[in-house]
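The values are calculated or read from the model by the stated rules, or taken from the named source; none is laboratory data. Since this is a predicted model, take the numbers as computed values, not measurements. A quick note on method: Cβ atoms are made from the backbone with ideal geometry, for glycine too, and the neighbour counts reach across all protein chains shown.
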Ligand SMILES: Cc1cc2nc3c(=O)[nH]c(=O)nc-3n(C[C@H](O)[C@H](O)[C@H](O)COP(=O)(O)OP(=O)(O)OC[C@H]3O[C@@H](n4cnc5c(N)ncnc54)[C@H](O)[C@@H]3O)c2cc1C
């Protein structure tokens, strides 16, 4: 790892200013994606702007209609929130399946979403629940946020401050872990709102998390495993690597979606 | 032998564990010497390339840099290259084609991770930064990754081997075996791949080399399983210094699994370079990425194997052809692994009159391959047990009964492939395993699993292995460059405490406990009055180290011999002290008594008298109580057993879980059953790892190691193991006749037995015949898909 300057601002505005001043600066939240890449020499920022000392940067608020999670909230905080468990049990469950204890104690929702790893779990929850991502500048719908592999709609220097998840009628999360890394080899996050409209967020299968619209259409009509038994997921555009072929990932989407329907609550 | 609560046979808690689990171990990286510098190795980014030039000018000026060395410097200093200590002769009588293996590449790199230069600096980070400033101009050459393609590849790894073939070795009677196949009623033929593995001991390799100007001598701290062998090789072949001017210390070592037997470039370079930077010590600690790239890997065999069976269901012959990858260079013991540790075990537990095996060892542009937990025997067992199981299925016979019908039942048994099995009772282990696993109710469990969408299968592995390596003259005649005896010295202190100096090396095996248990039983002293000294060539005169499950059968045998001498000497002292004849002295439970009297002396008292010399004639009895012994084993020892595995395969995803595992092993007598159980559990975990999870994959096109970290290389975790309630261990016992303890070896059995048991279970579950390891979800699902397609 190369040497870097370390900053720990107390406000979002100060953080933005520090990053702007830096030659090649990076925000850091939990550091559990950023630091490993620096150790491997894949990133060598001149300045690290640590966001975790910003006032009110973490916390969970549950209203009648939405769960709002501040960007600096750790996976562990979500995974142990009784309030979230009550209203969106699938989100609570999903957070508990991210990495191991150390990762959950440090990694944050903001960092996960900003990083947009194609195999990360939160992106599927954002899409599957129709979340809104709030930054220091604006609000972005999840559908418009994940734009590619490790790419998002965030502009230079923009900071995620919170993620708002509407509370659905039912939800479910199914993850088929990569046997080695335990990230999602393929993961499906599904929700059904009060009107019966279904959203299906898929992660791990393509360059970026996406919505499985064919499944959504079928399930919005009839929320049953039978309804999607005939929906064929096409492997085109899905990833092939040593752990899974595109065809296998396509198959997993179907299997996991079927299991999600059965598990939804 | 007496069965006390801390003696032989007792499940004593490991004496060393408190130290290790409270962070008080003393590993190589924990050691820091005065004025120490740090080394970083610049490694080849290419699988195969010429080195056109290396420019270190800019790097040398970087902050903190103390020295930079490349292959040319090593050559100039006439530092010898790494060697393979076992020579194999080809079928046609020609010698092994060993290419040069300089400690820093000279003119050519041959795998990704090959050592190009070493940078020595004040800090690790400075060394690494400077290494990045070295400019190397490479001329990229074609490379070959796949062992099966090596002999036909246009890439040529070494000049000496035009077809990349190191040797073409054979064992057994080809003609007789061919005849057996001609007359066979049934032939089972399989293509079998044994996947390449990365050992991944918990502690990565490390070394500190230090040259002392005053005495012109070197000290090398290193993560070695056999420091004396390291000293011998570095002295005799690298020519660094004569043995009395080179001290090698292998302090606490955090696991090896074979990968720390070998002499590696890094440790030699650290010692050598220390002299060239004015004698400042040089420390190198490998990181996990380097371990993946540059530790010797294991396995990597491509095999065609056939079994001939007569009309009565008896196996009459086996014919095996294996291509074994050696990697880019011949590592220290590599040549022995796919030959004398492999071909000699192809008879398994069976009476097979005709066996013929041929092995082509080939160079590939990958990390060198050498011994890894089991070394050759897992590969042999995998071939035999996959064949036997498949043959039984093809013949519609119960795989347990088909095995039983072919078991060797009388001993000693001479196989057609060198080994002479001394003792065993294979049917006893089979019966016990069948009972413990409740085999007769398997179909009920299968039906239960089916209700949950799971395909359940059962697989057997009736393994045998040869360890306690090995009779020196025998291995010498087969090409070994060393003898495989062991040494021991017993020093009894004046107050009766005991120090055991042993050439065995403990790196997880628990020698501090088990060796002390032997002393406790033989001398009647408390195990806490015994210390085990090992791993330092200045303390222990000579030894051959720990691998091949040899430290019990060979290492303890040497200790036992030395203890016998101690007893004999102590009896003479006791006799003099108690004014009786030596013949009347009896020794039991730590007390010397005079037959027919009430005279007695405790062991400690006799020890004190031995050093006082007040009560005996010192011209007849020498002062002191210290004895040593060398022991050369009369034969290998032959642990064997039956493992039965049940798996559940998820029909939807192919995800396979080991639902149930039964291991019944015959290790002869057990010194410490708890440690033995731990060895079996750990070995089985590694075997399950090989079968379900692990596999080193190099990209064919780029030659890069794709599985270069735990993000892609799947090490077994607790969750991959069967639940402890479904992981049953049992033992049968036929004591080994060639050592007084009656023990065999237990360190590798699990890793040897488990892979075929697991794969036989999966193939049973999903109904395929052939399936490659590791049986990942993708692999199993793909196999199920192609069966579905074939059925349509
Ligand atoms: C061993 C291991 C296993 C893991 N397993 C999983 C898994 O199973 N599933 C999974 O989803 N993830 C997994 N992760 C990733 C983990 O969840 C990360 O912590 C997370 O992806 C990033 O969060 P972080 O807070 O650590 O971000 P950091 O590493 O601090 O930052 C990541 C990136 O996001 C940027 N960033 C951080 N916060 C903000 C913000 N508020 N606004 C704008 N940009 C920001 C940073 O500049 C950086 O580029 C694993 C990680 C490890 C090390």
For this session: Being within 14 Å of chain B (Cβ to nearest Cβ) and in a loop (DSSP other than H, G, I, E, B) is the filter; apply it to segment A:27-60 and report the residue that is farthest from the ligand (Cβ to nearest atom).
Result: A:41
Problem set entry | Any helices (runs of 4 or more DSSP H) falling wholly within segment B:395-514 and containing at least 3 residues that are in the same structural domain as residue B:725 (by TED's automatic domain parsing) and closer than 21 Å to residue B:745 by Cα | B:426-436
For this session: Kindly provide the set of residues from segment A:148-183 that are in contact (Cβ under 8 Å) with a residue 40 or more places away in the chain, away from every other protein chain (no Cβ under 14 Å) and farther than 23 Å from residue A:49 by Cβ, ordered by number.
Result: A:148, A:149, A:164, A:165, A:166, A:167, A:168, A:170, A:171, A:172, A:173
For this session: Out of the residues in segment A:197-206 that are in a loop (DSSP other than H, G, I, E, B) and in contact with a helix residue (DSSP H, G or I) (Cβ under 6 Å, 6 or more places away or on another chain), state the one that is farthest from the ligand (Cβ to nearest atom).
Result: A:197
Problem set entry | Counted residues, segment B:284-317 - those being within 26 Å of the chain's Cα centre (by Cα), assigned to a strand (DSSP E or B) and closer than 30 Å to residue B:408 by Cβ | 6
Problem set entry | Number of positions in segment A:112-141 that are in contact with a strand residue (DSSP E or B) (Cβ under 9 Å, 6 or more places away or on another chain) and within 11 Å of the ligand (Cβ to nearest atom) | 17
Exercise. Could you say whether any residue in segment A:152-162 is away from the ligand (no atom under 16 Å from the Cβ), in a strand (DSSP E or B) and either closer than 17 Å to residue A:116 by Cα or not assigned by TED's automatic domain parsing to the domain that holds residue A:125 (or both)?
Worked result: no
Exercise. Considering only residues of segment A:52-99 that are surrounded by fewer than 16 Cβ atoms within 10 Å (Cβ to Cβ) and in contact (Cβ under 8 Å) with a residue 60 or more places away in the chain, which is farthest from residue A:135 (Cα to Cα)?
Worked result: A:64
Exercise. Residue B:256: farther than 30 Å from residue B:398 by Cα and under 21 Å from the mean Cα position of the chain (by Cα), yes or no?
Worked result: yes
For this session: Taking the residues in segment B:594-603 that are touching a helix residue (DSSP H, G or I) at 6+ places or on another chain (Cβ under 9 Å) and crowded, with 16+ Cβ neighbours inside 10 Å as candidates, determine which candidate is nearest to residue B:624 (Cα to Cα).
Result: B:603
For this session: May I ask you to list the residues in segment B:686-719 that are assigned to a loop (DSSP other than H, G, I, E, B), touching a residue at least 40 places away in the same chain (Cβ under 8 Å) and over 23 Å from residue B:758 (Cα atoms)?
Result: B:699, B:700, B:702, B:703, B:704, B:708, B:709
For this session: Return the total of residues in segment A:61-88 being assigned to a strand (DSSP E or B) and over 25 Å from residue A:200 (Cβ atoms).
Result: 3
For this session: Pairs only if they're at least six apart or on different chains, beta carbon under 9 angstrom, first in segment B:720-746 and assigned by TED's automatic domain parsing to the domain that holds residue B:520, second part of a loop (DSSP other than H, G, I, E, B) and surrounded by fewer than 20 Cβ atoms within 10 Å (Cβ to Cβ); list them, first residue then second.
Result: none
Seminar exercise, completed: Scanning segment B:772-785 residue by residue, those surrounded by fewer than 19 Cβ atoms within 10 Å (Cβ to Cβ) and either away from chain A (no Cβ under 12 Å) or outside any helix (DSSP H, G or I) (or both) turn out to be B:772
Seminar exercise, completed: Checked against (1) near the ligand (Cβ under 8 Å from one of its atoms); (2) away from every other protein chain (no Cβ under 14 Å); (3) in contact with a strand residue (DSSP E or B) (Cβ under 6 Å, 6 or more places away or on another chain), residue A:68 satisfies every condition except (1)
Exercise. Does residue A:261 satisfy the condition of being modelled with pLDDT of 95 or more, within 16 Å of residue A:124 (Cβ to Cβ) and either more than 9 Å from chain B (Cβ to nearest Cβ) or assigned to a loop (DSSP other than H, G, I, E, B) (or both)?
Worked result: yes
Exercise. For segment B:413-449, what are the residues that are farther than 18 Å from residue B:731 by Cα and more than 26 Å from the chain's Cα centre (by Cα)?
Worked result: B:440, B:441, B:442, B:443, B:444, B:445, B:446, B:447, B:448, B:449
Exercise. Is there a residue in segment A:247-254 that is part of a loop (DSSP other than H, G, I, E, B) and assigned by TED's automatic domain parsing to the domain that holds residue A:181?
Worked result: no
Exercise. From the set of residues in segment A:89-103 that are part of a helix (DSSP H, G or I) and within 8 Å of the ligand (Cβ to nearest atom), which is farthest from residue A:187 (Cα to Cα)?
Worked result: A:102
Exercise. Looking at segment B:736-749, is at least one residue in contact with a helix residue (DSSP H, G or I) (Cβ under 9 Å, 6 or more places away or on another chain) and part of a helix (DSSP H, G or I)?
Worked result: yes
Exercise. Of all residues in segment B:174-184, how many are in a loop (DSSP other than H, G, I, E, B) and surrounded by 17 or more Cβ atoms within 10 Å (Cβ to Cβ)?
Worked result: 1
Seminar exercise, completed: Those residues of segment A:177-193 that are within 16 Å of the ligand (Cβ to nearest atom) and surrounded by fewer than 24 Cβ atoms within 10 Å (Cβ to Cβ) come to a total of 7
Problem set entry | residue B:161 in a helix (DSSP H, G or I) and surrounded by 15 or more Cβ atoms within 10 Å (Cβ to Cβ) | no
Exercise. Of B:729, B:706, which residue is in contact with a strand residue (DSSP E or B) (Cβ under 9 Å, 6 or more places away or on another chain), surrounded by fewer than 23 Cβ atoms within 10 Å (Cβ to Cβ) and within 30 Å of residue B:49 (Cα to Cα)?
Worked result: B:706
Exercise. Of everything in segment A:163-176 that's within 12 Å of the ligand (Cβ to nearest atom) and more than 13 Å from residue A:84 (Cβ to Cβ), which residue is surrounded by the fewest Cβ atoms within 10 Å (Cβ to Cβ)?
Worked result: A:175
Exercise. Among the listed residues A:187, A:204, which satisfies the condition of being on the phi > 0 side of the Ramachandran plot and at pLDDT 95 or above?
Worked result: A:204
